[in-house]
Structures are given as structure tokens and as C-alpha cells.
1. Which value, in Å² and to the nearest 10, is the accessible area of ARG37 when all protein chains are kept and the probe is 1.4 Å?
2. In terms of modelled amide H atoms, which long-range or inter-chain residues lie less than 5 Å from the amide H of ARG37?
3. Taking the Cβ of TYR94 as the center, what net charge do the other residues with Cβ under 12 Å away carry, scoring Lys and Arg +1 and Asp and Glu -1?
4. Semi-axes, largest first, in whole Å: what does sqrt of 5 times each Cα gyration tensor eigenvalue give for the range 52-104?
5. Please state the relative contact order of the range 1-75 as a whole percent: Cα pairs under 8 Å, 6+ residues apart?
6. For the range 1-54, state what percent of all Cα-Cα pairs lands in each successive 5 Å bin, counting from 0 Å until the bin that includes the largest distance.
7. Cβ under 12 Å from VAL60's Cβ, VAL60 left aside: what net charge do those residues give with Lys, Arg +1 and Asp, Glu -1?
8. For ASP18, enumerate residues with amide H under 5 Å from its amide H, sequence gap 5+ or separate chain, H modeled in the peptide plane.
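The values are calculated or read from the model by the stated rules, or taken from the named source; none is laboratory data. In this text the structure is predicted, and so the values were computed from the model without any measurement. Cβ: placed from backbone, ideal geometry, glycine included. Neighbour counts: every protein chain shown. Heavy atoms of the whole protein, side chains included, go into the accessibility calculation; ligands, DNA and RNA do not. Shrake-Rupley method; radii C 1.70, N 1.55, O 1.52, S 1.80 Å.
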Amino acid sequence: MYAIIEDSGSQLKVSEGDIVEIDPRERDDKDTIVFDRVLAIGEGEGAARLGHPYLAGAKVTAELLDEILGEKLHVIKYKRRKGYRRKIGHRQQYLRVKISSIEG
């Protein structure tokens with residue numbers, strides 16, 4: 001069984017037991033995250049149930065594993081013949097979650 005969920009403006013195809021990285025969010029130190037914006041649910045090769053835009057009563061539950069940092073990105077600014085060079089780095093924060101159940 002798989003589900004397509006919407007989270008922070010992006011769509012993810014998940015199934016039970018998958019480990020995915022999502023954008024951080026405010027939470028009350030809970031170890032579970034519930035995704036209620038489910039776009040579709042399907043099983044195997046058969047036809048999937050599609051929402052319009054979301055499926056009513058469907059939800060995907062995930063348990064929080066860890067807070068991680070993405071890979072380092074380097075941003076370089078340069079203007080020729082002016083002696084202007086800047087180099088800054090950035091590491092995006094993510095939440096690593098494991099999909100525990102798909103209901104709906």
C-alpha cells in the first residue's frame with residue numbers, strides 16, 4: 001500500500017516502513033507526526049483512490065527518528081575586475097521520519 005501526501009508544498013510518495021526527510025515544523029515534543037493532506041492511496045498495480053484535492057478521512061502517521069542537517073551548499077558571489085569575492089555556506093535542517101501507518 002502506498003500514499004501520495006502533500007507536505008510543505010511538495011508531494012511525496014510513501015509506503016509503510018519508508019524513511020523520508022521532511023521540512024522542520026513546530027511541534028510539542030511529540031514523537032509522532034500525522035499527515036492529513038493525502039492526495040491518493042493505492043495498492044499494488046490496481047487503480048488508486050484519488051482525492052479532489054484531498055481524500056476525506058485519510059491520514060498517514062509517521063514517527064520521528066532524528067533531526068538532521070542536509071549537505072553543505074556553498075554560495076559564491078563574484079564581480080570581475082573589482083576584487084569582490086564572497087563565499088558563504090548553508091546547511092538545510094530536516095526531520096527524518098519513518099512512516100508507520102496509512103489509514104483511509
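1. 110 Å²
2. Long-range HN contacts for ARG37: GLU6.
3. Once positives and negatives cancel, what remains is -3.
4. Ellipsoid half-lengths, sorted descending, are 43, 16, 5 Å.
5. 31 percent
6. The distribution over the range 1-54 is 4, 16, 28, 24, 17, 8, 3, 1, given as percents.
7. Surrounding charge for VAL60 is -3.
8. ILE99
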